[in-house]
């Protein structure tokens with residue numbers, strides 16, 4: 001379903017964020033964009049769903065990075081969106097590089113020249129207004145503008161960039177020349193913007209013609225443009241390009257400098273869901289100003305976000321505190337200090353703590369596993385295989401595995417044997433023996449796996465066959481530019 | 001080693017507290033008295049260690065309750081204190097009943113008539129002063145007084161009872177007639193006590209002659225006395241007695257009313273370790289007033305107690321907050337509200353939440369186990385058997401067990417078979433088959449046990465042989481009064 005008569009758009013979704021600000025719910029291997037913070041869909045899924053009535057799947061691309069390939073692919077796979085292009089940057093180089101990459105590879109992919117760029121992890125409450133703004137933005141983009149969506153400020157927030165509306169570019173509310181682009185201001189300045197009016201928050205959404213953004217890159221970020229040109233002409237690999245290009249945001253690198261920036265004011269009921277505080281603001285609160293999620297028992301707290309999962313969290317007499325409890329790590333943070341979660345996670349990363357990288361529960365296209373115990377020479381997992389799914393046909397060089405079936409009846413392949421294993425029976429997987437776990441039934445299969453060996457990391461896996469995107473040749477393909485299309 | 005020439009004492013340790021105030025570190029099945037809050041010994045162990053130079057093991061008794069029998073016995077077992085009497089009340093009936101029980105059964109146990117009563121869960125920093133006070137208290141007890149230790153107040157605490165010193169009963173500091181016994185006062189009154197002087201905190205430690213306390217019980221709590229008399233004359237079982245007797249504290253039932261109460265001021269560096277706040281007060285703090293225990297990463301918090309174990313806790317910008325994180329539950333509580341932890345746990349108990357009852361890790365005389373995963377029809381445990389120890393010879397009626405050895409080499413008995421099982425091998429324990437796990441080695445044995453069955457509770461166990469105190473006939477013995485001595 002297309003909406004209205006808007007110009008055709010090519011949608012580029014920026015999904016490379018590390019999401020450190022939502023620790024411990026986000027991890028570097030489980031970033032914010034795949035979190036189901038607001039309902040049953042991840043922020044990335046919701047971003048795509050929001051676009052689908054306006055931009056078909058075949059004209060959507062997700063830009064992420066190689067380290068997050070599996071988790072992004074899985075998030076798309078879960079919705080059956082196997083037609084979406086996923087462009088993987090070898091490493092994060094901020095938004096100018098990601099948008100530049102999209103502009104360079106775009107001609108390979110589409111028949112429209114207007115790119116619409118969306119962060120993967122924002123909330124938009126007013127879909128109708130969103131489509132209206134898209135159509136108006138597309139017209140201004142077609143006319144040669146670098147178009148941004150401006151959000152009318154509701155408070156003097158110092159966490160956003162501000163856009164000053166200049167000369168009107170059409171009928172009232174249609175759009176304005178951007179008179180100034182102000183990076184995160186001091187509080188007093190933000191207060192003045194709010195009372196003066198005519199200032200908008202920079203939503204991080206953009207529309208422009210491919211040739212217009214490439215011209216702007218050539219003018220304002222010539223080094224970046226030169227490297228992208230070499231990439232586009234296949235004179236340089238993606239890896240080499242990304243090693244050389246500067247890391248700078250589109251805002252700082254282009255929008256603050258360019259003269260042809262336009263603002264389309266849009267009353268989107270928008271949030272960048274940028275911090276635990278922004279998340280708290282979006283949630284329904286009880287009469288004491290609290291939002292409680294999961295297994296929480298509270299006495300007399302006020303204006304708190306208390307977010308739990310399966311563990312029990314008891315709280316008493318707190319005020320303006322955010323508690324986030326996960327299986328292996330907890331955060332307790334004053335609401336005024338949510339910006340510092342990032343700094344805390346940097347510290348955890350510097351200390352090499354696994355809790356900054358991965359959850360104990362790891363999702364896979366076939367189901368999920370959770371590490372439930374481990375020691376120097378063993379690891380115990382609870383593995384759940386979804387109905388009709390199977391793991392890859394694989395072997396391990398350094399570990400053996402004991403499987404005890406506790407729910408369902410899996411089909412198990414070990415070497416040349418293939419057998420159904422009922423509940424309460426166990427099998428042993430020897431070293432260097434191809435094996436496969438499959439759930440042919442209607443209910444989930446659950447097994448307890450006890451691994452023993454001298455090396456127990458996930459990369460001790462040789463795959464011979466896989467139902468998903470995880471065989472080595474596919475992984476290689478995804479690294480190739482020239483045809484950086486789907487690597488799935 | 002006896003100290004000085006004090007009168008011989010019989011020590012009664014009150015260890016029946018439910019310890020709800022230290023949730024989530026304490027649970028109803030793992031009460032405060034067995035927590036290692038202050039060093040490597042539990043509070044109960046430290047209480048006994050403190051007494052041993054003055055009162056020999058053979059003249060010490062612990063009063064606890066049947067529900068806590070295993071955990072109390074284990075705590076004593078760990079120190080090799082198998083000679084200590086453990087009197088088990090069928091249910092908690094507050095301190096008047098516990099002290100009355102001790103006074104009734106005492107003649108069976110000892111040749112001294114002076115009872116010294118100590119809570120199992122207090123801290124005393126000054127041991128020398130403690131012995132001095134014991135000797136002075138014993139002399140006043142011998143002279144017919146109901147003796148209490150009075151702690152000089154250091155703040156207008158409204159959480160303690162206060163004793164007003166009256167007429168001096170000997171040389172300066174020797175002791176005073178107690179002029180008034182004031183239950184937890186209002187703040188203004190507590191402030192007046194502090195500035196007026198001559199008031200002491202009631203420490204909950206007492207000395208009296210057996211006949212003196214029995215006389216007082218007869219006079220002030222005649223119902224309680226009558227039931228205890230029937231018990232002493234073996235005309236009534238312990239269960240029946242405890243069903244009938246009132247639940248009242250010794251303070252309220254006797255000390256507030258009796259005329260012959262004496263106060264021995266004692267500068268013990270005492271704490272009742274009664275709340276997380278009292279615990280925080282005892283701990284060493286960093287320059288920001290924080291005490292951090294375990295895996296904690298903090299940014300800029302002040303005057304906080306952040307207590308973690310193996311999970312990671314991140315805290316940012318907190319002030320006057322207590323965070324206590326355990327394997328399955330967390331508490332986040334403002335320091336002014338620590339008294340309400342009890343109310344929170346009552347709520348958990350009313351909701352029938354397992355987290356108020358038991359830790360995931362359960363200690364046993366042979367080692368410990370942890371429940372690492374569970375579902376309707378399975379339970380997975382990590383079991384650690386200490387060197388030289390073995391579990392009971394047992395069978396289960398409703399569950400089978402898979403054992404995978406991940407550390408050490410246990411000897412395993414299953415039915416008539418007895419075999420050593422090396423690392424990375426597994427065995428299966430069928431239904432209704434006697435089995436035993438033993439660690440003959442020098443290092444801990446660790447196994448992963450996967451139970452499956454229709455009923456997976458701990459009481460599905462039939463023991464044929466045990467190295468400890470857990471065979472059914474012993475358990476029965478412990479319930480008998482008449483000879484309520486050791487049930488071990």
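The values are calculated or read from the model by the stated rules, or taken from the named source; none is laboratory data. None of the values given here were measured: they were computed from a predicted structure. Virtual Cβ from ideal backbone geometry, glycine too; neighbours counted across all protein chains shown.
Worth pointing out:
- Criterion violated by residue A:22 - all others in (1) away from chain B (no Cβ under 14 Å); (2) crowded, with 17+ Cβ neighbours inside 10 Å satisfied: (1)
- Once the stretch A:25-45 is narrowed to residues that are in a helix (DSSP H, G or I) and without any contact (Cβ under 8 Å) to a residue 60 or more places away in the chain, the residue that is nearest to the chain's Cα centre (by Cα) is A:34.
- Some residue of the stretch A:384-394 being surrounded by fewer than 17 Cβ atoms within 10 Å (Cβ to Cβ) and within 13 Å of another protein chain (Cβ to nearest Cβ): no
- Complete set of residues in the stretch A:331-353 that are closer than 22 Å to residue A:286 by Cβ and under 22 Å from the mean Cα position of the chain (by Cα): A:331, A:338
- Residue under evaluation residue A:416, criteria (1) modelled with pLDDT of 95 or more; (2) farther than 30 Å from residue A:90 by Cα; (3) more than 10 Å from chain B (Cβ to nearest Cβ), criterion not met: (1)
- Meets criteria (surrounded by fewer than 19 Cβ atoms within 10 Å (Cβ to Cβ), more than 10 Å from every other protein chain (Cβ to nearest Cβ) and under 30 Å from residue A:318 (Cβ atoms)) for residue B:443: no
- Residue check for residue B:376: surrounded by fewer than 18 Cβ atoms within 10 Å (Cβ to Cβ), within 11 Å of chain A (Cβ to nearest Cβ) and either under 24 Å from residue B:76 (Cβ atoms) or out of contact with any strand residue (DSSP E or B) (no Cβ under 7 Å at 6 or more places or on another chain) (or both): yes
- Index of the failed condition, residue A:324 passing every other in (1) within 12 Å of chain B (Cβ to nearest Cβ); (2) within 21 Å of the chain's Cα centre (by Cα); (3) surrounded by fewer than 21 Cβ atoms within 10 Å (Cβ to Cβ); (4) not in a helix (DSSP H, G or I): (3)
- All helices (runs of 4 or more DSSP H) inside the stretch B:65-147 with 2 or more residues being under 27 Å from residue B:236 (Cβ atoms): B:69-77, B:94-105
- Against the numbered list (1) more than 27 Å from the chain's Cα centre (by Cα); (2) at pLDDT below 95; (3) assigned to a strand (DSSP E or B), residue A:424 comes up short only at (3).
- Whichever residue in the stretch A:302-314 is outside any strand (DSSP E or B) and closer than 21 Å to residue B:355 by Cβ and, among such residues, is farthest from the other protein chains (Cβ to nearest Cβ): A:309
- Checking residue A:336 against (1) surrounded by 17 or more Cβ atoms within 10 Å (Cβ to Cβ); (2) in a helix (DSSP H, G or I); (3) facing another protein chain (nearest Cβ under 9 Å), the condition it does not meet: (1)
- Residue match in the stretch A:292-310 (condition: modelled with pLDDT under 95 and outside the structural domain of residue A:21 (by TED's automatic domain parsing)): yes
- Residue A:346 being buried (at least 17 other Cβ atoms within 10 Å of the Cβ) and either over 17 Å from residue B:330 (Cα atoms) or within 9 Å of another protein chain (Cβ to nearest Cβ) (or both): no
- Subset tally (residues that are modelled with pLDDT of 95 or more, within 13 Å of the chain's Cα centre (by Cα) and not in a helix (DSSP H, G or I)) for the stretch B:13-24: 3
- Residue A:456 meets all of the listed conditions (1) within 14 Å of chain B (Cβ to nearest Cβ); (2) modelled with pLDDT under 90 but one, namely (2).
- Index of the failed condition, residue B:331 passing every other in (1) more than 9 Å from chain A (Cβ to nearest Cβ); (2) outside any helix (DSSP H, G or I); (3) crowded, with 23+ Cβ neighbours inside 10 Å: (1)
- In the stretch B:351-366, the count of residues that are in a strand (DSSP E or B) and either facing chain A (nearest Cβ under 9 Å) or more than 25 Å from residue A:406 (Cα to Cα) (or both) is one or more.
- Candidates B:103, B:15, B:97 - the one that is over 28 Å from residue B:356 (Cβ atoms), surrounded by 24 or more Cβ atoms within 10 Å (Cβ to Cβ) and in contact (Cβ under 8 Å) with a residue 12 or more places away in the chain: B:103
- Where residue A:254 falls short, out of the listed (1) under 28 Å from residue A:89 (Cβ atoms); (2) away from chain B (no Cβ under 12 Å); (3) at pLDDT 95 or above; (4) within 22 Å of the chain's Cα centre (by Cα): (4)
- Check on residue B:397, in contact (Cβ under 8 Å) with a residue 12 or more places away in the chain, under 34 Å from the mean Cα position of the chain (by Cα), more than 10 Å from chain A (Cβ to nearest Cβ) and part of a strand (DSSP E or B): no
- Residue that is more than 14 Å from chain A (Cβ to nearest Cβ), within 30 Å of residue A:351 (Cβ to Cβ), over 22 Å from the mean Cα position of the chain (by Cα) and free of Cβ contacts under 8 Å to residues at least 24 places away in the same chain, where the choices are B:292, B:285: B:285
- The one condition in (1) facing chain B (nearest Cβ under 9 Å); (2) closer than 30 Å to residue A:205 by Cα; (3) surrounded by 16 or more Cβ atoms within 10 Å (Cβ to Cβ) that residue A:317 fails to fulfil: (2)
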